[in-house]
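Here the structure comes first, spelled out in structure tokens, and everything after it is commentary.
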Amino acid sequence: MRTTAKIIDGNALSKQLREDVAARTSALKARGLTPGLAVVLVGDNPASQVYVRNKVKACLDAGLHSVLEKYEATMTEAELLARVDALNNDPSIHGILVQLPLPAHIDAHKVIEAISPAKDVDGFHVASAGALMVGQPGFWPCTPYGCMKMLESIGYDLRGKHAVVIGRSNIVGKPMALMLLQKNATVTVCHSATANLKAMTLQADVIVAAVGKRNVLTADMVKPGAVVLDVGMNRDDAGKLCGDVDFAGVSQVASHITPVPGGVGPMTITMLLVNTLEAAERACAS
Ligand code: NAP
């Protein structure tokens with residue numbers, strides 16, 4: 001397969017950023033503060049179990065303190081809220097992550113809102129979303145934040161460029177659009193009711209696909225030279241991990257492209273480490 005687009009390697013960039021996290025963590029430790037992340041998992045969703053294990057391992061590898069709290073799916077909402085409250089008041093914990101999805105009897109929004117905004121390293125709290133909206137310091141959601149770092153890594157200047165985001169979820173699409181806007185791109189947000197997706201993507205200098213469906217973006221939908229970031233995580237017919245983008249086709253047209261796996265995925269965990277470290281540094285400064 002001939003590939004013309006340059007690959008934006010999420011593993012390589014993550015390695016570099018995690019080394020920086022490890023160095024800053026050492027510096028904080030030398031001042032007597034170890035950044036700490038608490039990961040809370042309720043129930044036994046197999047994908048969630050893998051995600052939380054990877055998050056905790058990444059923390060420990062970078063020298064951060066990390067605790068994994070695992071609870072039965074029968075845990076009540078009140079019990080979970082009480083755990084979040086305890087973690088809010090635990091000085092050894094600077095970041096709190098409650099792994100989603102939660103069991104149906106627990107109101108995920110209520111739980112996320114119970115996390116102290118100062119420890120909201122997932123960036124899902126309404127206060128974090130509001131801070132991003134008005135351009136104030138807060139925590140940016142890790143996946144779109146990782147996408148921004150990928151653009152930065154290729155020295156891409158967004159000023160005056162047209163960025164098209166496909167997907168409008170609260171955790172990826174919407175914050176992604178705001179981050180691109182903050183860097184002076186002109187942003188179009190597409191979703192399931194967009195009338196002519198191809199007409200939109202063909203105008204784009206940058207495309208972020210965050211849908212969760214294979215082949216949402218094919219080569220005929222991409223302007224030559226566009227930068228394509230693939231957030232999607234899907235399985236192909238053989239059960240292999242793949243993104244939303246037809247990689248083989250689009251990489252013949254784009255200037256840069258992120259692969260799946262090895263693209264945005266590792267960057268999401270990396271930005272969680274960055275946010276946790278940042279939370280600890282802020283706690284140290286206050
Ligand atoms: P989500 O909440 O299901 O949102 C999907 C979005 O795609 C929705 O806004 C939906 O529109 C839109 N959409 C659905 N079909 C479409 C179509 N045919 N054309 C245009 N837009 C369409 O998903 P999410 O949480 O944002 O995640 C998106 C994907 O990214 C998933 O594959 C997820 O697994 C992956 N993900 C990866 C990472 C990572 O670390 N790599 C992190 C988070 C998520 P409506 O709003 O109109 O329904």
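Some points to look at:
- If the condition is being among the hydrophobic types (A, V, I, L, M, F, W, C) and out of contact with any Ser or Thr (no Cβ under 7 Å at 6 or more places or on another chain), then segment 131-162 contributes Ala131, Leu132, Met133, Val134, Trp140, Cys147, Met148, Leu151, Ile154, Leu158.
- Residues satisfying the criterion are present in segment 124-141 (criterion: in contact (Cβ under 8 Å) with a residue 60 or more places away in the chain, more than 23 Å from Val253 (Cα to Cα) and more than 14 Å from the ligand (Cβ to nearest atom)).
- Criterion (part of a strand (DSSP E or B) and crowded, with 21+ Cβ neighbours inside 10 Å) met by exactly one of Leu97, Leu87, Leu80: Leu97
- The residues of segment 227-286 that are within 16 Å of the ligand (Cβ to nearest atom), within 18 Å of Ala22 (Cα to Cα) and aliphatic (A, V, I, L, M), listed by number, are Met267, Ile269, Met271, Leu272, Leu273, Val274.
- For segment 232-269, filtered to residues that are in contact with a strand residue (DSSP E or B) (Cβ under 6 Å, 6 or more places away or on another chain) and of a type in the set (Val, Ile, Thr), the residue that is farthest from Thr143 (Cα to Cα) is Val250.
- The requirement of being out of contact with any Phe, Trp or Tyr (no Cβ under 6 Å at 6 or more places or on another chain), small (Gly, Ala, Ser) and surrounded by fewer than 17 Cβ atoms within 10 Å (Cβ to Cβ) is fulfilled nowhere in segment 33-40; no residue meets it.
- Test: residue in segment 11-29 that is under 17 Å from the mean Cα position of the chain (by Cα) and small (Gly, Ala, Ser): yes
- The set of residues in segment 211-241 being of a type in the set (Lys, Arg) and either touching a residue at least 12 places away in the same chain (Cβ under 8 Å) or surrounded by 15 or more Cβ atoms within 10 Å (Cβ to Cβ) (or both) consists of Lys213, Arg214, Lys223.
- Within segment 211-223, the presence of at least one residue that is more than 14 Å from the ligand (Cβ to nearest atom) and assigned to a loop (DSSP other than H, G, I, E, B) is confirmed.
- Members of segment 251-263 found to be buried (at least 21 other Cβ atoms within 10 Å of the Cβ) and in contact with a Ser or Thr (Cβ under 7 Å, 6 or more places away or on another chain), listed by number: Ser251, Ile257
- Number of positions in segment 175-208 that are in contact (Cβ under 8 Å) with a residue 24 or more places away in the chain, within 13 Å of the ligand (Cβ to nearest atom) and not in a loop (DSSP other than H, G, I, E, B): 10
- Test result for Ser169, under 18 Å from the mean Cα position of the chain (by Cα) and hydroxyl-bearing (Ser, Thr, Tyr): yes
Only the coordinates and a few stated rules stand behind these numbers; no lab work does. Since we're looking at a predicted model, the values are computed, not measured. Neighbour counts are summed over all protein chains in view; Cβ atoms, including those assigned to glycine, are modelled from backbone coordinates with ideal geometry.
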